[in-house]
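Visitor: Please find one structure pasted underneath; my questions will follow.
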Amino acid sequence: MTAIVLVQPEIPGNTGAVGRTCVALDMELILIHPLGFEISDKRVKRSGLDYWPHVRLTEYASWDAFLAVREPRPDQLFLFEEFGARSFYEPDYPEDAFLVFGQETKGIPKAIIERHPDRLFKLPMRSEVIRSLNLANTVSAAAYQALRGRI
């Protein structure tokens, strides 16, 4: 099953909105600590509305803990960064893909990118004046693309 992985998210409202998307698409939400907020934060639940209890949530203390437990194959990992070499339209996403997103202000930590440099993808943008999209919007676009043809 496809999962969304948020690495050290900072903004509770984004995480809540992503959780809501995960419920809509029957995806697991994986949070990699440290978080920039408490998961019990009412702003998370406000964004996730009354769907938050339905989020299949898994948390890991670190990226290494996630790797140790889940043991993802290289072809399962899709790291989304504004400077990714390939468009998110290019790959064929396996049903058990992990769609990985970083912090709202810093992106995916450099150490993770360096370990998986061939797994970087981006959402194409037409305008040169914008650097990135909101995390929740990016996750939604990527999730629907990954599930294209299966929903």
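The values are calculated or read from the model by the stated rules, or taken from the named source; none is laboratory data. None of the values given here were measured: they were computed from a predicted structure. Cβ coordinates were reconstructed from backbone atoms using ideal geometry, including for glycine residues, and neighbour counts include every protein chain displayed. The protein model used for the area step is the full one, side chains on, heavy atoms only, and it has no ligands, DNA or RNA in it. Shrake-Rupley method; radii C 1.70, N 1.55, O 1.52, S 1.80 Å.
Visitor: Evaluate the charge dipole of the chain about its Cα centre and quote only its size in Debye, nearest 20, assuming +1 on the Cβ of each Lys and Arg and -1 on the Cβ of each Asp and Glu. Please report the intermediate quantities before stating the final value.
Guide: On the way: 18 positive and 20 negative charges, 75 e Å.
Computed about the Cα centre, the dipole is about 360 debye.
Visitor: Next question, about the same structure. Would you please name the chymotrypsin sites (Phe, Trp or Tyr not before Pro) within the range 70-124 that are DSSP coil residues with at most 15 other C-beta atoms within 10 Å of their C-beta?
Guide: Answer in residue order: Phe83, Tyr89.
Visitor: What accessible surface, in Å², does a 1.4 Å probe find on Trp63, ignoring ligands, DNA and RNA and rounding to the nearest 10?
Guide: Accessible area, nearest 10 Å²: 10 Å².
Visitor: Work out which GluC sites (Glu not before Pro) in the chain are exposed loop sites (DSSP not H, G, I, E or B, at most 11 other Cβ within 10 Å) and give the longest gap free of them.
Guide: Within the chain, the longest run free of exposed GluC sites (Glu not before Pro) spans 39-94.
Visitor: Tell me the carbon and sulfur percent of the accessible area for the chain, rounded to whole percent, probe radius 1.4 Å.
Guide: Carbon-and-sulfur percentage of accessible area, whole number: 50.
Visitor: Just to verify a number: FRET efficiency for Asp50 and Glu95, C-beta to C-beta distance, R0 = 30 Å, to 0.05?
Guide: Once rounded, the FRET efficiency stands at 0.60.
Visitor: For the range 92-100, in order, what is each residue's ³J(HN,Hα) by Karplus, 6.51 cos²θ - 1.76 cosθ + 1.60 with θ = phi - 60°, in whole Hz (x at glycine and Pro)?
Guide: Values per residue, Gly and Pro as x: 8, 7, x, 4, 9, 5, 10, 9, 10 Hz.
Visitor: Can you pull the one-decimal nm distance between simple spin-label points at Ala111 and Ala24, each 7 Å off the Cα toward Cβ?
Guide: Output for this residue pair reads 3.5 nm.
Visitor: For the range 79-87, just list the computed ³J(HN,Hα) in residue order, Karplus coefficients 6.51, -1.76 and 1.60, θ = phi - 60°, integers in Hz, with x standing in for Gly and Pro.
Guide: Result, rounded to whole Hz: 9, 9, 9, 4, 9, x, 6, 10, 6.
Visitor: Let me ask something additional. Looking at the range 104-142, which trypsin sites (Lys or Arg not before Pro) are DSSP coil and have at most 13 other C-beta atoms within 10 Å of their C-beta?
Guide: Working: sites: Lys106, Lys110, Arg115, Arg119, Lys122, Arg126, Arg131; in loops: Lys106, Arg126, Arg131.
Listed in order of number, the matching sites are Lys106, Arg126, Arg131.
Visitor: Ignoring everything but the protein chains, give the 1.4 Å probe accessible area of Met125 in square angstrom, nearest 10.
Guide: 70 Å²
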